[in-house]
Amino acid sequence: MKETFGGSSILSDDIDESKSMRTESRRIFLPEASSLLGQTVKCIKDAMFRCFVIAIFGICFLGFKASAFTSTNAPSTYANINIDGSFTDWSGVPLAYSMPQVTGARVQFQNLYVANDANYLYIYFTLYTAANPFTASQSIFIDTDTNFNTGNHEHGIGSDLLVQSGNGYQETSGVFNAGAVNGLNYLMASNSLGTSYELSISLDATYASGGAPVFTGNTISLYLESSEGGSVGNEWFPNASGSSEGGLIYTLGVESVPEPSVAGVSLLCAGCVAVVVIQRRKKFQRFNPKSQ
């Protein structure tokens, strides 16, 4: 059949054939598009599932690590302590930790106190029975940056500083003794019974290798340890009921500045006013000599 459009002649059979081709084209491409969309959705689902599995694994890992090593937090206390064996200046420092007696141990730790001033970290502890806690068999481990990965792994902390027999040693990951420590300024004193001990460690100590500061932050974690041997093994302080712990966490205290009293502020203001009045009077008299 012949039809006329705008002066041109087109056979209707040609029109039907063109429509048929367009329809067939849609039949060809629509299934392919649908298949591509399905594959895309499947990839997205697979990626989301992988992310979900990774997230669950990470949460379980962190939860296991947190449950394996629990820490004890000590109150921050700024105090000026004299290492003299009298212990009277510890009266205002709160108890940081108390441990049940370990029967059979040579060094039976009891109570632990921690304080600091601008220059020193102070540690005071008591024992159930008299003993010498500063032989080569006893150690103090301090994680000075609270980063488990930078120091030597000691009972759940990354120890950066080892103190043994009054000497300081650097510790790094996997290395018990990585070199000496300079400027430790270690001081220790005890009572006459040998059941109370206090010591100080300089916060300005540096590593002999490289000269970097030992204490790099405001928060530390620490342990006192006694290698007992035999059935007791290593005794860790703090160490509640023999469970694995993450040390005693302590944040350095800051010196408090007393607030000025009302009377002091009033006196200061009155003094300022008096100075202003005198200065203005002198200025007036300089420009008005007749008023003198």
SER86 versus ALA180, label points 7 Å from Cα toward the beta carbon: distance in nm?
3.4
Per-residue ³J(HN,Hα) for region 216-223, Karplus 6.51 cos²θ - 1.76 cosθ + 1.60, θ = phi - 60°, Hz, x for Gly and Pro
10, x, 9, 10, 10, 9, 8, 9
Under 5 Å between amide H atoms, partner at least 5 residues away or on a different chain: which partners does ALA205 have, H built in plane at 1.01 Å?
VAL214, PHE215
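What is the sum of charges, Lys and Arg at +1 and Asp and Glu at -1, for the other residues whose Cβ falls under 14 Å from the Cβ of VAL175?
On the way: positive: none; negative: GLU154, ASP160, GLU171.
The answer is -3.
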Among region 107-147, those whose backbone N falls under 13 Å of a label point 7 Å along Cα→Cβ from ALA212 are 144-147
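Readers should treat all values here as calculations from the given coordinates under stated rules, not as data from a laboratory. Please read all numbers here as calculations on a predicted model, not as lab measurements. So basically every Cβ, Gly included, is an ideal-geometry build from the backbone, and we count neighbours across all protein chains shown.
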